[in-house]
Amino acid sequence: MIYALHPFPRPPAKTGPEQPLPDIRETLASRPACQNERAVANTLLLDVIVDGLHDIGVPFYITHCHETHGDLHLSVTAAGQGHEVAAGDELRGGLFIRNSETCRFETLVCTRLFRVVCENGALMECEKEQSFTIAEEGAPPGDWQAQVKRIIQLSFDQEHLRWDFRRFEATTNQIIITPYEFLLQLHAQRLIDDDEQSAIQAAFQENADFSMYGLINAVTQTAHHHRASDQWIRAFEIERLAGEILRGDHNLRAYEFAMS
């Protein structure tokens with residue numbers, strides 16, 4: 001279910017008045033407390049997040065806040081202080097957090113860059129300090145609350161983010177002849193399925209941005225569609241894949257791109 005995180009704002013509604021949403025902390029407070037000793041309780045995590053967001057000193061929006069059966073997905077995006085990659089195409093800093101009280105997946109807090117023009121995001125884990133993880137089978141470390149607040153601060157720090165903005169900007173100069181073989185490789189590694197391969201290829205061609213930047217955005221566009229279909233775990237995986245492509249984990253072969 002989609003929630004608000006009071007007292008913080010949601011993005012402005014595109015059409016008509018904004019529909020009110022229940023506050024997630026009020027909703028969770030009425031439920032039985034989490035009994036899993038290995039898990040971080042969502043109520044406690046959200047309290048830490050709210051404290052951390054109060055301290056960042058820049059305007060922001062709660063872009064996604066979704067919880068079901070103890071699985072929490074939350075993303076926050078700066079409302080300003082963006083970086084213009086091209087005319088009318090702006091990237092902004094932000095934050096992504098996910099947690100499972102049943103330990104279905106790892107707890108993750110990491111930087112998320114948000115592309116304003118198409119409302120897509122990529123998860124940034126290029127550097128060690130950009131993310132904090134608690135494994136499914138691991139116990140939360142004693143300093144986990146401080147670690148969460150540290151990532152929150154870094155995710156909205158313009159000086160810290162400038163290298164990530166430059167990484168994205170550099171991809172606008174990497175011209176791709178075709179992503180077809182690259183997508184086949186991702187499919188063979190089971191990183192994307194048949195439908196996602198087709199959707200990424202179609203978005204790449206439709207957007208007519210034949211660069212690595214265009215390919216990364218075609219990938220994140222697929223994540224956006226997954227969220228719209230309430231497939232939050234898969235949307236996370238695709239946004240992480242986009243960040244890995246930017247990092248160079250899944251490089252195209254040399255003859256498939258050339259510097260313009």
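Sparse packing (at most 14 other Cβ atoms within 10 Å of the Cβ) combined with a DSSP loop state is found for the following GluC sites (Glu not before Pro) in region 123-232: E127, E136, E137.
Running a GNM on the chain with Cα contacts under 10 Å, which residue among Q35, Q205, Q197 ends up with the highest mean-square fluctuation? Result for the chain, Cα springs under 10 Å: Q35 fluctuates most. Placing +1 on the Cβ of every Lys and Arg and -1 on the Cβ of every Asp and Glu, with nothing else charged, gives the chain a dipole about its Cα centre of roughly 220 debye.
Given a 10 angstrom Cα cut-off, can you work out which residue in R190, R25, R247 is the most mobile in a GNM of the chain? Maximum fluctuation in the GNM of the chain, among the listed residues, is at R190. Think of the chain as a dipole: +1 on every Lys or Arg Cβ, -1 on every Asp or Glu Cβ, centred on the Cα centre; then among G82, L72, V116, G82 lies furthest on the positive end.
Each other residue within a Cβ distance under 12 Å of A202 adds +1 if Lys or Arg and -1 if Asp or Glu, for a net charge of -3. When the Cα centres of region 18-38 and region 196-219 are compared, how far apart do they sit, in Å? Going from one Cα centre to the other spans 37 Å.
Assuming charge only on the beta carbon of Lys and Arg (+1) and of Asp and Glu (-1), the dipole of region 1-87 about its Cα centre is about 180 debye to the nearest 20.
Could you work out the relative contact order of region 24-169? I mean the mean sequence separation of Cα pairs under 8 Å and 6+ apart, divided by the number of residues, in percent.
22 percent.
Along the positive direction of the dipole of the chain (beta-carbon charges: Lys, Arg +1; Asp, Glu -1; about the Cα centre), which of I175, V50, T107 reaches farthest? After comparing all options, I get V50.
Hey, what did the chain get for relative contact order, percent, Cα under 8 Å, at least 6 apart?
15 percent
Mean-square fluctuations from a GNM of the chain, with a 10 angstrom spring cutoff on Cα atoms, peak among Y213, Y61, Y180 at Y180.
What you get for region 174-247, charging only the Cβ of Lys and Arg (+1) and of Asp and Glu (-1), is a dipole of about 220 debye around the Cα centre.
Per DSSP H run of n ≥ 4, the term is -39500 (n - 2.57); total these for the chain, divide by its residue number, and report the mean residue ellipticity at 222 nm rounded to 500 deg cm²/dmol. Helices in the chain give a 222 nm mean residue ellipticity of -12000 deg cm²/dmol. The overall shape of region 159-260 is oblate: from the C-alpha gyration tensor, with semi-axes ordered a ≥ b ≥ c, the ratio a/c is 1.5 or greater and a/b is no larger than b/c.
Values in this text are rule-based calculations from the coordinates and carry no lab data. No experiment lies behind these values; they were computed from the predicted model shown. Reconstructed Cβ throughout: ideal geometry from the backbone, glycine too, with neighbour counts over all protein chains shown.
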